[in-house]
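Before any comments, here is the structure.
The values are calculated or read from the model by the stated rules, or taken from the named source; none is laboratory data. None of the values given here were measured: they were computed from a predicted structure. As a convention, Cβ positions derive from the backbone with ideal geometry for all residues, glycine included, and neighbour counts pool all protein chains shown. Please note that ligands, DNA and RNA were not included when accessible areas were found on the heavy atoms of the full protein model with its side chains. Shrake-Rupley method; radii C 1.70, N 1.55, O 1.52, S 1.80 Å.
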Amino acid sequence: MKKRIIIILSIIIIIILIILGIINNYKPFHFTNKMFFGKKSSTKLYNEKYEDIDTIYIDVDNAIINIKNGNEDTIKVKVLSNRKNIQLKAYNGKLSMKVENYEGCFFCKMNVIEITAPSTFKDYMTISNRHGHINIENFPNTTMAITSKLGNISVKEAKVVKVKSRRGSINIGKVANAYIYSFWGRLKIDEVDNLFSNSTLLDMNVDYVKKYININNDFGDINIKKADILRDSIIEVGFGEINVKKLNEDTGKLKKKN
């Protein structure tokens, strides 16, 4: 009886993985199809400039968010919104953008938030976006907390990145510490000192881990080109392959379980 249950469960899991694989290669689920993010708002809501900002806080329902590097010390903010449901405030060094209410507007025109800040910006960015892409350039001194339900996340450089993603790809360039939770998606990291991941279904490709790894994923392949292990680390995957091409275990060991 137990063997039969195990066989049935295994078949169900295989069928689910096949279905997810088909969906994962269908364009709308890569977020490239216009039915999701093709229409952007064109109505200007804000076009402001601020000084002495050390914290950026964004909490919106659906938006394309671009945070770019600028040559000036000031922070520029431009918001396009047909629904005009975003409140913008600046007080005590904090720049805040928050929707008045979550309307659940899935196929309407996307809000567009564009922020230009110097690369020396050094404190905190907190971003919560229910639906839409998030693109952040080089901020090597900044700690970022990013939450997304549906959309891709890209960070070129940061000090700390904490990502909680329901569905979408995550691309990180260079970061000291990366904390990842993904329900369903793909992760690409160029260079990271310490990598932490506790995810459900996540395919992971990392070029270089410099110090420490702590990964516990249910499904997905883990591919790491180079890893220098300076303290005891672990990679644990329920279903998936673990591939570390070049492994240097200096003052620590890497344990692999799958």
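Among the numbered criteria (1) closer than 28 Å to F183 by Cα; (2) surrounded by 17 or more Cβ atoms within 10 Å (Cβ to Cβ); (3) out of contact with any Asp or Glu (no Cβ under 6 Å at 6 or more places or on another chain); (4) not hydrophobic (A, V, I, L, M, F, W, C), which one does T116 miss?
Of the numbered conditions (1) closer than 28 Å to F183 by Cα; (2) surrounded by 17 or more Cβ atoms within 10 Å (Cβ to Cβ); (3) out of contact with any Asp or Glu (no Cβ under 6 Å at 6 or more places or on another chain); (4) not hydrophobic (A, V, I, L, M, F, W, C), the odd one out for T116 is (1).
Which numbered condition in (1) open to solvent by 30 Å² or more (accessible area, probe 1.4 Å); (2) at pLDDT 70 or above; (3) not small (G, A, S) is the only one that N62 fails?
(1)
Sort out for me the strands (runs of 3 or more DSSP E) sitting completely within the stretch 63-154 that have 1 or more residues that are under 22 Å from the mean Cα position of the chain (by Cα) and in contact (Cβ under 8 Å) with a residue 40 or more places away in the chain. Please lay out each step first, then the result.
Working: elements: 75-80, 86-91, 94-99, 111-117, 124-131, 134-150.
By residue number, 94-99, 111-117, 124-131, 134-150.
For N177, state whether it is of a type outside the set (A, V, I, L, M, F, W, C) and touching an Asp or Glu at 6+ places or on another chain (Cβ under 7 Å). Walk me through it before giving the result.
Working: of a type outside the set (A, V, I, L, M, F, W, C): yes; touching an Asp or Glu at 6+ places or on another chain (Cβ under 7 Å): yes.
Yes, satisfied.
Considering only the stretch 229-239, state which residues are surrounded by 18 or more Cβ atoms within 10 Å (Cβ to Cβ) and more than 21 Å from A176 (Cα to Cα). Don't jump to the end; show me each part of the working.
First, the residues of the stretch 229-239 that are surrounded by 18 or more Cβ atoms within 10 Å (Cβ to Cβ): 229, 233, 235, 237.
Residue satisfying the conditions is V237 alone.
Test K149 against the criterion of being surrounded by fewer than 17 Cβ atoms within 10 Å (Cβ to Cβ) and among the basic types (K, R), and give yes or no.
no
Provide a single number: the residues in the stretch 204-228 that are surrounded by fewer than 21 Cβ atoms within 10 Å (Cβ to Cβ), out of contact with any helix residue (DSSP H, G or I) (no Cβ under 9 Å at 6 or more places or on another chain) and assigned to a strand (DSSP E or B).
12
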